[in-house]
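The values are calculated or read from the model by the stated rules, or taken from the named source; none is laboratory data. Since the model is a prediction, treat every value here as computed from it, not as a measurement. Here Cβ is always computed from backbone atoms with ideal geometry, including for glycine, and neighbour counts include all displayed protein chains. Heavy atoms of the whole protein, side chains included, go into the accessibility calculation; ligands, DNA and RNA do not. Shrake-Rupley method; radii C 1.70, N 1.55, O 1.52, S 1.80 Å.
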Amino acid sequence: MAGNAAVLEDGSLISRLDRKLLGLEQLLALVSGLAVFSLMLLAVVSVGGRNTMNAPLPGYVDWIEQAMPLIAFMGIAYVQRDGSHIRMDILIGSLRGRALWLFELISVLLILVLMLALVWGSWSHFTRSFDFAAPLWSRDSSIDIGLPIWPAKLLVPVAFSVLCLRLVLQAWGYGRAMVLGLEAPVAVPLIQDAAEQAAAEAEQLSGHDNDAIGGQG
């Protein structure tokens, strides 16, 4: 399984594109987190209404279904950028230099092919649900309170498209590293070992301590 990863930055074009895409990925991840928080509030309202007034929130299950794509997919590109997806790296972890970048490049390209197919399939699924001539532009709706389903279906190809952009950038980064023989390329996750993780965590904690002392002063 992959450990923590660091993504280096510099003034190159690929690094600037990486930072711009990161802003979009962070926004989508924030939306995903807000969806989780909203579901928690809905659960409180529904359970509270059931216990106090015997009136749970109408369409609670429908709202959960609508929020599932937000929770499951909107943060996927952000996690890919940081190299936090679960993967087996027993073989790749022993490689160095061009051999490592070659295997990483092949892996990213295989994922990209899969994601492009999923974008196509999920977009087709959305178009079967969306219709300008239908009420609420929807050919189908949720069972309980009749929420249109096409917004939830649209989120899937949108999230996967952002992931495809991230994979293209990473393929560029790994290919560039392989051709140029770079030791520490930018815009790709560099997996850290235990010592590097500990040093990074210590530096982060030290920064928090310094901020706290400065705030007290």
Checklist outcome for this item: Only unsatisfied item for V108, checking (1) out of contact with any Leu (no Cβ under 8 Å at 6 or more places or on another chain); (2) over 19 Å from V36 (Cβ atoms), is (1)
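Table: residues versus (1) within 30 Å of A187 (Cα to Cα); (2) of a type in the set (V, I, T).
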{"residue": "F37", "(1), (2)": "no, no"}
{"residue": "V45", "(1), (2)": "no, yes"}
{"residue": "M53", "(1), (2)": "no, no"}
{"residue": "L57", "(1), (2)": "no, no"}
{"residue": "G75", "(1), (2)": "yes, no"}
Checklist entry - Got a number for residues in region 146-171 being touching an Asp or Glu at 6+ places or on another chain (Cβ under 9 Å), part of a helix (DSSP H, G or I) and either among the hydroxyl-bearing types (S, T, Y) or free of Cβ contacts under 8 Å to residues at least 40 places away in the same chain (or both)? => result 1
Next on the checklist: Take the residues in region 105-120 that are β-branched (V, I, T) and surrounded by fewer than 14 Cβ atoms within 10 Å (Cβ to Cβ); name whichever of them is farthest from I71 (Cα to Cα).
Outcome noted: I106
Checklist outcome for this item: Within region 12-30, the residues that are of a type in the set (A, V, I, L, M, F, W, C) and surrounded by 14 or more Cβ atoms within 10 Å (Cβ to Cβ) are I14, L17, L21, L22, L24, L28, A29
Next on the checklist: Any residue that is in contact (Cβ under 8 Å) with a residue 60 or more places away in the chain, in a helix (DSSP H, G or I) and open to solvent by 80 Å² or more (accessible area, probe 1.4 Å) - is there at least one of those in region 38-61?
Outcome noted: yes
Item to check | In region 121-148, residue surrounded by the fewest Cβ atoms within 10 Å (Cβ to Cβ) [restricted to those that are among the β-branched types (V, I, T) and under 26 Å from P56 (Cα atoms)] | outcome: I143
Item to check | Residue that is farthest from I145 (Cα to Cα), among those in region 65-104 that are open to solvent by less than 50 Å² (accessible area, probe 1.4 Å) and of a type in the set (V, I, T) | outcome: I92
Item to check | Output for region 105-145, where each listed residue is of a type in the set (S, T, N, Q) and either in contact (Cβ under 8 Å) with a residue 24 or more places away in the chain or outside any helix (DSSP H, G or I) (or both) | outcome: S122, S129, S138, S141, S142
